[in-house]
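Presented below is the structure to which this report refers.
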Amino acid sequence: MGMTLTQKILAHHAGLDQVKAGQLINAKLDIVLGNDITTPVAINEFEKAGFDGVFDKNRVAIVLDHFVPNKDIKSATQSKQCREFANKYDILNFYDVGQMGIEHALLPEKGIVTAGDCVIGADSHTCTYGALGAFSTGVGSTDMAAGMATGMAWFKVPAAIRFVLTGSLPERVSGKDLILSIIGKIGVDGALYKSMEFTGPGVASLSMDDRLCICNMAIEAGAKNGIFPVDDVTKAYLAGRSQREPVYYEADPDAEYEQTIEIDLSQLVPTVSYPHLPENTHPASEGGSIKIDQVVIGSCTNGRLEDMEAAYNILKGKHIAKGVRGIIIPATMAVYKECILRGWTEAFIDAGCIVSTPTCGPCLGGYMGILAEGERCVSTTNRNFVGRMGHVKSEVYLASPATAAASALTGCITDPRTV
């Protein structure tokens, strides 16, 4: 029996000719990632274990993005510990204030991850890099510590679900609507410890930003990873960007999948996940009676340039509804700068929004947009659990940048095709 795309990558990194679902392997790592919350825990474990060096200073990435610029003494202390560790071991890919961005947008942008890689990160949304044709998955801080020291990690080879995409997305429907629709269909545990592999002629119509968004939320279906095949879109994105030579893998024609799900992209509509699970999906057109207090456009899910453009196209020349707080957070400094150069930042401000330096901030209830009791937010982030963005009696509605921007204009959940 042949191997899936994920299994091909894992077999190569384990030095094996063949792997199968359920098999335990020890694989070489191309990149080990941590952030300002998870890295301090990993550093403590690293030092407790007596390690005195990292396996490769070029293959460890530390990005300070969750509470940076630091919001309080605790976050400042955590960041200081990261800085000292990065200086001690001369970590090349260390990103701090002025250079940092949200980690899962920054690493692809900088070419730190590339096609064929095997990547672990002490953050659950490390699965984002499957958009580049890499195997990437989130791990705990202890695994990060071991990975930094040894350059190796244990994995159980995942089984796979194949999503065959046809057609192309309608206007103002994006990759976010696709992944929300999928999670609504299969549930938050529908792909538990499986690989979500996207194939079919519809893949070619999806931009890299769409693919990064889709793979980012694979974990919200319980998946071990999400992954796209390498095609011309991937190669164009990687050209002149990758820090290392990409390696291209393909699934075998006789690869085994536990399930195959066919999706016609042309039939998708703007979709919103209601509280308190990403699987609780509804068409945006049904949300007109749901009044909102805040909109957040950004995060590792939807803070890239196409996301900013989608928001700009709806907000330009208009003003958000009275009583709505609009918060826009470009995911990296490059995206932030481009928004300024294109005049989008001015348009956002004129529309009544604030524009923040890159940060995860409100996504995890950190800062830059905490919700009070009873408040509702339409957010382009990836989770809407109880208390995710503040008070346990607040509500988060997950949506695309277009839907979030349209909702900001009306003060209630709104289909972006109607504004």
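The values are calculated or read from the model by the stated rules, or taken from the named source; none is laboratory data. Quick caveat: nothing in here was measured; it's all calculated off a predicted structure. Heads up, the Cβs are rebuilt from the backbone with ideal geometry, glycines too, and the neighbour counts pull from every protein chain shown. Areas reflect the complete protein model, heavy atoms only, side chains present, ligands, DNA and RNA absent. Shrake-Rupley method; radii C 1.70, N 1.55, O 1.52, S 1.80 Å.
Tell me, which residue of the range 157-179 that is out of contact with any Asp or Glu (no Cβ under 9 Å at 6 or more places or on another chain) and among the hydrophobic types (A, V, I, L, M, F, W, C) is nearest to A399 (Cα to Cα)? The selected residue is V173. The test for being at pLDDT 95 or above and closer than 14 Å to A218 by Cβ does not hold for A105.
In the range 144-152, the count of residues that are open to solvent by 10 Å² or more (accessible area, probe 1.4 Å), more than 21 Å from C363 (Cα to Cα) and in contact with a Leu (Cβ under 8 Å, 6 or more places away or on another chain) is one or more.
With farther than 23 Å from D209 by Cβ and either of a type outside the set (G, A, S) or surrounded by 24 or more Cβ atoms within 10 Å (Cβ to Cβ) (or both) as the only criterion, which of V386, V396, V378, V355 stands out? Steps first, please.
Numbers: V396 fails: farther than 23 Å from D209 by Cβ; V378 fails: farther than 23 Å from D209 by Cβ; V355 fails: farther than 23 Å from D209 by Cβ.
Selected residue: V386, the only one of V386, V396, V378, V355 that is farther than 23 Å from D209 by Cβ and either of a type outside the set (G, A, S) or surrounded by 24 or more Cβ atoms within 10 Å (Cβ to Cβ) (or both).
So is I320 more than 26 Å from V386 (Cβ to Cβ), open to solvent by 50 Å² or more (accessible area, probe 1.4 Å) and in contact with a strand residue (DSSP E or B) (Cβ under 9 Å, 6 or more places away or on another chain) or not? Spell out how you get there, then give the answer.
On the way: more than 26 Å from V386 (Cβ to Cβ): yes; open to solvent by 50 Å² or more (accessible area, probe 1.4 Å): no; in contact with a strand residue (DSSP E or B) (Cβ under 9 Å, 6 or more places away or on another chain): yes.
It is false that I320 is more than 26 Å from V386 (Cβ to Cβ), open to solvent by 50 Å² or more (accessible area, probe 1.4 Å) and in contact with a strand residue (DSSP E or B) (Cβ under 9 Å, 6 or more places away or on another chain).
Residue check: A204 meets all listed conditions (1) in a helix (DSSP H, G or I); (2) touching a helix residue (DSSP H, G or I) at 6+ places or on another chain (Cβ under 6 Å) but one, namely (2).
In the range 29-83, which residues are open to solvent by 30 Å² or more (accessible area, probe 1.4 Å), outside any loop (DSSP other than H, G, I, E, B) and either without any contact (Cβ under 8 Å) to a residue 24 or more places away in the chain or not charged (D, E, K, R) (or both)? Correct list: V41, N44, E47, K48, I73, K74, A76, T77, Q78, K80, Q81, R83.
Given A347, A334, A372, A311, which one is open to solvent by less than 10 Å² (accessible area, probe 1.4 Å) and either modelled with pLDDT under 95 or farther than 18 Å from N35 by Cβ (or both)? Let's see the steps before the verdict.
Details: A347 fails: open to solvent by less than 10 Å² (accessible area, probe 1.4 Å); A334 fails: open to solvent by less than 10 Å² (accessible area, probe 1.4 Å); A372 fails: open to solvent by less than 10 Å² (accessible area, probe 1.4 Å).
Criteria check complete, one pass: A311.
For the condition over 16 Å from D307 (Cβ atoms), under 16 Å from the mean Cα position of the chain (by Cα) and in a loop (DSSP other than H, G, I, E, B), A223 qualifies.
Scanning the range 171-219 for residues that are open to solvent by 10 Å² or more (accessible area, probe 1.4 Å) and among the charged types (D, E, K, R) yields a total of 7. The set of residues from the range 1-18 being surrounded by 23 or more Cβ atoms within 10 Å (Cβ to Cβ) and touching a helix residue (DSSP H, G or I) at 6+ places or on another chain (Cβ under 7 Å) comprises just one member, M3. So is N26 open to solvent by 20 Å² or more (accessible area, probe 1.4 Å) and in a strand (DSSP E or B) or not? Criteria met by N26. Annotation: of all residues in the range 88-119 being within 15 Å of R59 (Cα to Cα) and of a type in the set (S, T, N, Q), the one that is surrounded by the most Cβ atoms within 10 Å (Cβ to Cβ) is T114.
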